[in-house]
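Quick notes on the structure that follows.
No value in this document is a laboratory result; all are computed from the given coordinates. Bear in mind the structure is a predicted one, so any value in this text is a computation, not a measurement. For neighbour counting, all protein chains shown are included, and Cβ atoms are generated from backbone atoms with ideal geometry for every residue, glycine included.
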């Protein structure tokens with residue numbers, strides 16, 4: 001049971017890492033494409049919030065076993081926040097390409 005919970009939570013951590021990495025790459029591309037600073041700053045705020053939620057579970061050494069429900073919620077929130085930032089930048093980058 002312990003191993004199953006830990007593997008499930010590790011999967012949620014990897015999912016959050018994917019979205020965080022994608023957001024970091026989008027921030028870099030948005031800067032190169034000349035996206036407005038305010039939009040990039042908003043994406044950075046989302047990244048900071050998402051990263052903090054992810055970091056809590058990577059620093060907590062039970063891989064979520066002590067509170068798997070909370071791990072599921074907060075890692076899901078990390079993924080959603082990072083994905084929101086990515087979508088926001090994706091749209092801004094598309095607009096920048098049109099110009």
Checklist entry - Which condition number in (1) under 30 Å from residue 65 (Cα atoms); (2) touching a helix residue (DSSP H, G or I) at 6+ places or on another chain (Cβ under 6 Å) is the one that residue 21 fails? => result (2)
Next on the checklist: Which condition from (1) within 12 Å of the chain's Cα centre (by Cα); (2) free of Cβ contacts under 8 Å to residues at least 12 places away in the same chain; (3) over 22 Å from residue 96 (Cα atoms) is the one that residue 53 breaks?
Outcome noted: (2)
